[in-house]
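Inspection log for the structure reproduced underneath, given as structure tokens.
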Amino acid sequence: MNDVDPTRPKAAGCSRAPAVRERELTAGEWFDRGFNTRDPDEQIRCYGEAIRLKPDYADTFYKRADARQAKGDLKGAMADFQSYLELGGGERDRDRKEVEDMIRDLKGKLAGS
């Protein structure tokens with residue numbers, strides 16, 4: 001038996017009901033999605049969404065820099081590593097020198113290309 005009868009009138013108010021909208025993911029959820037995939041394009045997309053929602057989350061810039069570097073986007077990686085440092089990630093994680101060295105290496109690669 002078919003529960004939907006096209007000749008039956010719609011119930012009052014059905015056509016005026018608001019559309020159901022999906023809940024937007026949080027910055028943390030986007031970060032987790034990026035962290036849990038191995039696809040650099042998907043990582044870049046997920047980390048970008050996390051940054052859009054929480055632009056002061058330094059670790060997201062670091063992770064997106066790794067993904068960009070894996071894709072060969074050296075300028076993008078360098079900019080993200082720099083943002084990571086500007087947001088204090090290097091101080092908190094005690095890796096400022098290491099990240100500065102990575103930026104210097106990326107600059108050298110860009111200059112040589």
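What the table shows:
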read-out	value
Separation of the Arg38 and Glu98 label points, Cα + 7 Å toward Cβ, nm	2.3 nm
D (Stokes-Einstein, µm²/s), Kirkwood Cα radius, the stretch 25-85, 0.890 mPa s at 25 °C	226 µm²/s
Packing-based order for 57-66, 38-47, 78-87, 92-101, using average beta carbon neighbours within 10 Å, highest first	57-66, 78-87, 38-47, 92-101
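Read-outs: derived from the displayed coordinates by stated rules, not from any lab. Quick caveat, the model's predicted, so the values are computed rather than measured. Cβ: placed from backbone, ideal geometry, glycine included. Neighbour counts: every protein chain shown.
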